[in-house]
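Visitor: The following block contains the structure, expressed as C-alpha cells.
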Amino acid sequence: MPAYSRLVDPLDCLDLEETRPAVARRRGIVPVAVLPALFAAVLVFAAMHDRAALSPAGIAIAAAAYAGTTAVLAKRWPLWLAVAATTAAAVTTVATGTPDFLLFPALVVAAAAFSTHSERTPAIAAATAVSGVLLAGHLAFSLHGGSGWSDLAVVPWIAAAVAFGQAARAQKVHQAMLVERARRAEEGREHEARRRVQQERLRIARELHDAVGHHVALISVQAGAMGYILDSDPAKARESLVHIQQASEAALEELRLTVGLLRQPGDAEPVEPAGGLARLDELIGSFAATGLRVTCEVAGQARPLPEATDLTAYRVIQESLTNTAKHAAGAAATIRLAFRPGLLALAVEDDGPPGAGSEPVAGHGIIGMRERAAAVGGWLTARPRADGGFQVLAELPAPAVPAPAVPLALADSPAPAAPATAP
C-alpha cells in the first residue's frame with residue numbers, strides 16, 4: 001500500500017463539496033438494502049443445507065447481529081462497533097451450542113467495511129483480534145458446542161475481507177491523490193497564465209508612460225501658454241500650435257510602436273472597421289467557410305447598444321467561436337442573444353466531445369473575455385457542458401443609447417435656408 005495512505009484520507013483529498021454527502025448517503029443506503037437481503041439469503045441457504053443453525057436462539061442472535069451491523073453502517077458510527085458486535089455474537093452462538101453459520105456473512109462484511117476505512121495497522125490488528133477471540137471461544141466451548149473446527153471456518157474469509165478492504169482503500173487513496181494533483185496543476189497553470197498577463201500589462205503600461213507621457217505633458221504646456229498669447233501674439237500662438245501638432249504626431253507614433261509590440265511578426269496593420277454585432281453575420285460566415293456550423297438565435301427586441309458593450313459582445317463571440325474551431329473541429333455552435341431591459345445576455349455553446357470546445361484551462365483567451373466583460377460592468381463564465389462540449393455565458397449592461405446630441409456649432413448657427421431646386 002502506498003506510504004502516503006497513512007497520512008491522507010481519500011475523502012480529504014477530494015476538494016468537492018458534494019463528495020462527503022454523497023458518500024454518506026451511499027454508506028447509509030447500501031447496508032440498509034444489502035444486509036437484510038443477505039440475512040434472508042443465509043436463512044434460505046441454511047434451511048436447505050444446515051437446519052441445525054435455524055434454532056430460535058441462533059436466529060435471534062443472528063438477527064440482532066445483522067441489525068446492529070446495519071445500524072452502525074447506516075448511522076456512521078465507529079466501524080469497530082460492527083466488528084465487535086458480530087464477533088461477540090459468533091462467540092455467543094458457540095457458547096449456546098448453536099452453529100455460527102448464520103453470522104459468517106455479517107462478520108465478513110463488518111471486517112471488510114472496517115478495513116476499507118482504516119489504515120493497514122488497525123485493520124491487521126482487528127483481524128488478528130477477531131481470529132483470537134473466535135479461537136478462544138472455540139477452545140472454551142468446543143466440548144459443549146460439539147461443532148468441531150467449523151466454528152473457525154470464517155477466519156480465512158475474515159483475512160480475505162481485510163485484504164480486499166485494504167486494496168479498495170489503496171485504490172481510493174490513489175485516485176484521490178490523482179484528483180488532487182490534477183486540481184493543483186490546473187490552479188498552477190491558471191495562476192501562471194494570470195501572472196504572465198499581469199506582467200505583460202505592466203510592461204505595456206510602462207512603455208506607454210515612458211513613450212507618451214512626456215509628449216502629452218508638452219501638449220498641455222503648449223496649450224496652456226497659447227491661451228495667454230492667442231490675442232496678444234498670434235505668431236507665438238501659431239508656433240505653439242505647430243509644437244502641439246508635432247508632439248501629437250510623435251505621441252501617436254510612439255503609441256503605434258508600443259501597441260505594435262503585441263503583434264506577431266508579419267502581422268499587417270488592421271484596416272477593417274472595429275467589430276460589433278452589426279458584423280455578426282460576416283463573422284459567422286467566416287467560420288462557416290472553415291466547416292464550423294454556427295446558428296444564431298435572438299430573443300427580445302434588438303436595439304442599438306453602447307459602443308463598448310457592442311464591441312465586447314462581438315469579441316466574446318469571436319473568441320468563443322475561435323476556440324470551438326480550434327479545439328472541437330467539426331462541431332456545431334449556437335449563439336444566443338437575449339435583449340432585456342438594460343441588459344444583453346449572450347451564450348455561445350458547442351456540441352463537441354467532453355473536454356473539447358475551448359481551452360482546457362482558463363488560458364489567455366478566457367481570461368481576456370472575462371476582463372472585457374468586467375471592464376464594461378458585466379460578467380462572464382466559461383465551463384464544460386454536462387452532456388459534452390463547452391459553453392460561454394455572459395451578461396453585459398446595455399442601457400438605452402441616447403439620441404446623438406446636436407453639435408454646438410450647429411446649435412448656435414442660424415436656421416439653414418430652404419434647399420435650392422435641383423436642376
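The values are calculated or read from the model by the stated rules, or taken from the named source; none is laboratory data. If you're wondering where the values come from, they're calculated on a predicted model, not measured in any experiment. So basically every Cβ, Gly included, is an ideal-geometry build from the backbone, and we count neighbours across all protein chains shown.
Visitor: Which condition from (1) modelled with pLDDT under 75; (2) outside the structural domain of Val348 (by TED's automatic domain parsing); (3) surrounded by 17 or more Cβ atoms within 10 Å (Cβ to Cβ) is the one that Met226 breaks?
Guide: (1)
Visitor: Which one of these does Gly137 not meet: (1) under 45 Å from the mean Cα position of the chain (by Cα); (2) modelled with pLDDT under 80?
Guide: If we test Gly137 against (1) under 45 Å from the mean Cα position of the chain (by Cα); (2) modelled with pLDDT under 80, just (1) comes out false.
Visitor: Restricting the search to region 99-137, which residues are among the hydroxyl-bearing types (Ser, Thr, Tyr) and assigned to a helix (DSSP H, G or I)?
Guide: Ser115, Thr116, Thr121, Thr128, Ser131 - these are the residues of region 99-137 that are among the hydroxyl-bearing types (Ser, Thr, Tyr) and assigned to a helix (DSSP H, G or I).
Visitor: Restricting the search to region 74-90, which residues are surrounded by fewer than 19 Cβ atoms within 10 Å (Cβ to Cβ) and at negative phi?
Guide: Within region 74-90, Ala74, Lys75, Trp77, Pro78, Trp80, Leu81, Ala88 qualify.
Visitor: Let me ask another. Any idea which of (1) surrounded by fewer than 16 Cβ atoms within 10 Å (Cβ to Cβ); (2) over 19 Å from Gly389 (Cβ atoms); (3) at pLDDT 90 or above; (4) of a type in the set (Asp, Glu) is the one Glu297 doesn't satisfy?
Guide: If we test Glu297 against (1) surrounded by fewer than 16 Cβ atoms within 10 Å (Cβ to Cβ); (2) over 19 Å from Gly389 (Cβ atoms); (3) at pLDDT 90 or above; (4) of a type in the set (Asp, Glu), just (2) comes out false.
Visitor: Where residues in region 156-194 are closer than 30 Å to Phe104 by Cβ and among the basic types (Lys, Arg), which of them is surrounded by the most Cβ atoms within 10 Å (Cβ to Cβ)?
Guide: If we take residues in region 156-194 being closer than 30 Å to Phe104 by Cβ and among the basic types (Lys, Arg), then Arg169 is surrounded by the most Cβ atoms within 10 Å (Cβ to Cβ).
Visitor: Glu187: at pLDDT 85 or above, in contact with an Asp or Glu (Cβ under 8 Å, 6 or more places away or on another chain) and in a helix (DSSP H, G or I), yes or no?
Guide: Spelling it out, it is not the case that Glu187 is at pLDDT 85 or above, in contact with an Asp or Glu (Cβ under 8 Å, 6 or more places away or on another chain) and in a helix (DSSP H, G or I).
Visitor: A further question on this structure: Taking helices (runs of 4 or more DSSP H) that do not extend beyond region 304-423, which have at least 3 residues that are among the aliphatic types (A, V, I, L, M) and modelled with pLDDT of 90 or more?
Guide: Correct list: 307-327.
Visitor: From the list Val94, Val130, Val109, exactly one residue is touching a residue at least 60 places away in the same chain (Cβ under 8 Å), in the same structural domain as Leu35 (by TED's automatic domain parsing) and touching a Ser or Thr at 6+ places or on another chain (Cβ under 8 Å). Which is it?
Guide: When all the criteria are applied, what remains is Val109.
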